[in-house]
């Protein structure tokens, strides 16, 4: 079975940022983040560099040094994190705004990709680190925030 999957790089970045958000005002060493979040240290270093370039993480050198959030958890969204490590989020090439598909405008799938892109960006844009840190059940909070997900969740339970 083939799955549409979030790349490991994004998953690791999200885990690292959630870890940092769990320590408001605190600094976490790279080794601590890697061990607690089960992220290979060499991979964490690459992801942290991208997050620093994206203005989401600051580093502190020397004794007591490490990493901390550059912005408050309520100001950092999943979209910010994903785009810092992977660039713009695009569900399919035809909805990225820059590509011209040879099948347009006759493509019958375009509407689906466009709607999927809209919902995906809405979820990622509205999900903040603070919400994740404060919640015990992230999927419940996402379903409450987005009407389309409420309908899907209700239909799935029927």
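No value in this document is a laboratory result; all are computed from the given coordinates. This structure is a prediction, so every number in the text was calculated from the model and none was measured. As a convention, Cβ positions derive from the backbone with ideal geometry for all residues, glycine included, and neighbour counts pool all protein chains shown.
Ranking request for peptides 51-59, 39-47: highest mean number of other beta-carbon atoms within 10 Å first, then the rest in descending order.
Listed from highest to lowest mean packing, they are 51-59, 39-47.
I'd like the FRET efficiency for residue 119 and residue 96, computed as 1/(1 + (r/R0)^6) with the beta carbon distance as r and R0 of 22 Å, rounded to 0.05. E between residue 119 and residue 96, to the nearest 0.05, is 0.85. Considering only Cα atoms, the convex hull volume of segment 1-67 works out to 99 Å³ per residue.
If segment 36-124 were replaced by its equivalent ellipsoid, with semi-axes equal to the square roots of 5 times the Cα gyration tensor eigenvalues, what would those be, largest first, whole Å?
36, 13, 11
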